[in-house]
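S.K.: Can you read through this structure? Questions will come right after.
The values are calculated or read from the model by the stated rules, or taken from the named source; none is laboratory data. Because the structure is predicted, anything quoted here is derived from the model rather than measured. All Cβ positions, even for glycine, are placed from backbone atoms using ideal geometry, and neighbour counts span all protein chains on display. Side chains are part of the model used for accessible areas, which takes the heavy atoms of the whole protein and leaves out ligands, DNA and RNA. Shrake-Rupley method; radii C 1.70, N 1.55, O 1.52, S 1.80 Å.
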Amino acid sequence: MMQCWLEELGLSEYKKILTKAGFINLKACKQLSASSLDDIGVVLPGHKLRLLSAGIMSCLNYQSWNKSY
């Protein structure tokens, strides 16, 4: 499910570092913050914005995502 989410965002290159940092599923993404993204090496502002925005939306729509994938 995480891979599909990242692919949809066009950010699949971050799967390995997100997983290594403990963001192993969409539910865990509610813990994403600008600071945590800096800490794990996501430095491009546009990528941070996409991940943070999508992380918030995934938490709000977790049930919907879970049923879709």
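S.K.: Tell me, yes or no, whether region 19-33 has at least one residue that is at pLDDT 90 or above, assigned to a helix (DSSP H, G or I) and either more than 11 Å from the chain's Cα centre (by Cα) or not small (Gly, Ala, Ser) (or both).
M.R.: Yes, there is a match, as at least one residue in region 19-33 is at pLDDT 90 or above, assigned to a helix (DSSP H, G or I) and either more than 11 Å from the chain's Cα centre (by Cα) or not small (Gly, Ala, Ser) (or both).
S.K.: Ok, one more. Inspect all residues belonging to region 48-56 and state whether any of them is closer than 16 Å to MET2 by Cα, open to solvent by 80 Å² or more (accessible area, probe 1.4 Å) and among the hydrophobic types (A, V, I, L, M, F, W, C).
M.R.: The answer is yes; a qualifying residue exists.
S.K.: Do any residues in region 15-27 that are farther than 12 Å from ASP39 by Cα have Cβ atoms under 6 Å from those of residues that are among the polar types (S, T, N, Q) and open to solvent by less than 50 Å² (accessible area, probe 1.4 Å), where the two are at least six apart or on different chains, and which pairs are they?
M.R.: Matching pairs, first to second residue: LEU26/SER58.
S.K.: Scan region 16-36 for residues that are among the basic types (Lys, Arg), surrounded by 13 or more Cβ atoms within 10 Å (Cβ to Cβ) and over 12 Å from MET1 (Cα atoms) and report the count.
M.R.: Residues meeting the conditions: 1.
S.K.: State which residue is nearest to GLY46 (Cα to Cα) when the search covers only region 1-11 and only residues that are open to solvent by less than 50 Å² (accessible area, probe 1.4 Å), assigned to a helix (DSSP H, G or I) and free of Cβ contacts under 8 Å to residues at least 60 places away in the same chain.
M.R.: Once the filter is applied, the top-ranked residue is LEU9.
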